[in-house]
Amino acid sequence: MIHLLGLSFKTSPVEIREKLAIRESQLSEVLWETLSWGAREAVLLSTCNRVEIYWAGGEEVRDKIRNAWELKAGRSLEKNLYFHRNGWAVLHLFRVASGLDSMVLGESQILGQVKTAYQNSLKNKTTGLVLNRLFQRALFAGKLVRTQTQIAGGITSVASAAVVLAERIFKDLNHCSVMILGAGKMAEAAAKHLSSKKVKAVFVSNRTYARARELALTLRAEALHWEEGMERMRETDIVLCSTACPTFVLTRNRIQDLMGLRRGRPLFLIDIAVPRDVEPSVQSLEGVYVYDIDHLNEVVAEQMERKKSEAEKAENLVLQLAEEMMNKQAKAPPPVWQTRYA
């Protein structure tokens with residue numbers, strides 16, 4: 001039996017998702033804990049928009065995962081969690097890998113994130129015959145959808161949606177200076193999109209200066225040491241935050257002090273990190289405008305409208321692939337899909 005328990009941007013706001021986000025250093029512990037609860041195999045997928053555990057074994061594992069997550073979140077998650085088994089779990093993962101279940105339809109990064117999740121489980125020796133087959137077919141499905149449909153056209157990532165949002169705020173980015181806090185993959189993607197808009201200046205600040213310098217070189221931007229970046233924020237119009245810090249990087253006190261040096265100039269903070277980089281109370285400060293990852297929904301909704309026909313092609317293809325997989329491994333007749341998965 002294949003099982004899946006998860007939550008995503010569709011069922012949970014960022015303030016819940018950030019509490020359950022799993023850092024790379026925690027992966028092994030979570031995977032082996034899932035096995036200790038009775039799962040025979042386990043894969044954990046944790047991104048800015050979802051946390052999902054796939055396992056082979058008994059359904060009783062579900063309650064143990066849920067209890068652990070509710071303890072971590074400090075609240076009931078009854079209305080936030082979804083659970084699928086067998087064919088529905090297969091179809092869900094195929095849709096995730098194909099970018100059909102992403103905030104940004106056709107998202108480019110999710111296929112790599114699914115691959116990384118699978119590789120982490122291989123490394124930790126928590127997969128076997130069932131999940132190996134499942135994730136290999138899911139990766140195949142994700143690649144096939146991208147080659148046979150145009151679902152990956154237009155906005156294809158949270159990072160690119162963030163840049164579209166910045167354009168809406170300022171109309172013309174040519175006169176704007178931008179600070180990038182963080183130098184991971186999301187920060188890099190956003191920085192490249194911003195650079196292509198020919199903004200006035202781009203600064204990259206990271207706790208590891210070498211990584212900031214490496215990214216800045218590819219963008220013809222200026223690399224800054226972390227504290228220098230905090231000081232130079234007084235000069236910038238937009239700060240795009242995407243660090244991997246588990247606590248708030250931009251606190252209310254820090255931003256309040258900063259605004260005293262800006263002489264009335266507004267500051268726009270676009271926070272695409274999960275856990276969030278900007279303390280929520282910063283939004284109440286005069287002249288400060290904060291947009292987190294959930295604020296990108298409006299931008300994304302317009303793109304989804306334009307991609308409807310391609311999404312339908314992708315849905316049909318994924319459904320076919322999921323049915324084929326279940327047909328091959330089930331001794332009983334294949335599941336009947338009454339309606340398209342929603």
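Every number in this text was worked out from the coordinates using simple rules, so none of it is lab data. Worth saying up front: this structure is predicted, and the values here are computed from it rather than measured. Virtual Cβ from ideal backbone geometry, glycine too; neighbours counted across all protein chains shown.
Taking a point 7 angstrom from the Cα of residue 26 along the C-beta vector, which residues in segment 47-67 have backbone N less than 13 Å away? Zone members listed by number: 47-48, 51-52. Positive contributions from Lys and Arg (+1) and negative ones from Asp and Glu (-1), summed over other residues with Cβ under 14 Å from the Cβ of residue 137, come out at +3.
For residue 196 and residue 234, the difference between the fully extended length at 0.36 nm per residue and the C-alpha to C-alpha distance is 11.3 nm. Inverting the pair-averaged 1/r between distinct Cα atoms of segment 55-155 gives 15.1 Å as its Kirkwood hydrodynamic radius. Computed extension length for residue 10-residue 286: 96.3 nm, one decimal, from 0.36 nm per residue of separation with the Cα-Cα distance subtracted.
Phi angles across segment 214-220 convert, under the Karplus curve 6.51 cos²θ - 1.76 cosθ + 1.60 with θ = phi - 60°, into 3J(HN,Hα) values of 4, 5, 4, 4, 6, 10, 6 Hz, Gly and Pro given as x. A straight Cα-to-Cα reach below 27 Å connects residue 307 with the lysines 10, 115, 143, 171, 185, 192, 197, residues fewer than 8 places away in its own chain not being considered. A cut-off of 5 Å between modelled amide H atoms, ignoring neighbours fewer than 5 places along the same chain, links residue 41 with 56. Look at the alpha carbon pairs under 8 Å that are at least 6 residues apart: their mean separation over the length of the chain gives a relative contact order of 17 percent. Per-residue Karplus couplings for segment 75-84, computed as 6.51 cos²θ - 1.76 cosθ + 1.60 with θ equal to phi - 60°, are listed in order as 6, 6, 10, 3, 8, 9, 8, 10, 9, 10 Hz, Gly and Pro entered as x.
Within segment 75-96, whose backbone N sits under 18 Å from a point 7 Å along Cα→Cβ of residue 316? Taking a point 7 Å out along Cα→Cβ of residue 316, the residues of segment 75-96 whose backbone N falls under 18 Å are 95. Considering all different alpha carbon pairs of segment 179-240, the Kirkwood hydrodynamic radius works out to 11.1 Å.
Here the spin labels are modelled as points 7 Å beyond Cα on the Cα-Cβ line, and at residue 262 and residue 175 they lie 1.7 nm apart. Rounded to the nearest 20, the Cβ-based charge dipole of the chain about its Cα centre (Lys and Arg +1, Asp and Glu -1) stands at 640 debye. Here the chain carries DSSP beta bridges of which approximately 45% are antiparallel, counting only pairs with both residues inside. Basic side chains Lys and Arg get +1 at the Cβ, acidic Asp and Glu get -1 at the Cβ, and with that the dipole of segment 179-225 about its Cα centre reaches some 120 debye. What FRET efficiency comes out for the pair residue 148/residue 125, r = Cβ-Cβ distance, R0 = 35 Å, nearest 0.05? Using R0 = 35 Å, I get an efficiency of 0.55.
Computed over the alpha-carbon pairs of segment 158-298, the distance histogram in 5 Å steps reads 2, 11, 23, 26, 23, 13, 3, 0 percent, short to long. So which residue, out of 317, 217, 173, gets the largest mean-square fluctuation from a GNM of the chain using Cα contacts under 10 Å as springs? Looking only at 317, 217, 173, the largest GNM fluctuation is found for 217. Of all DSSP beta bridges confined to segment 158-298, the antiparallel ones make up roughly 0%.
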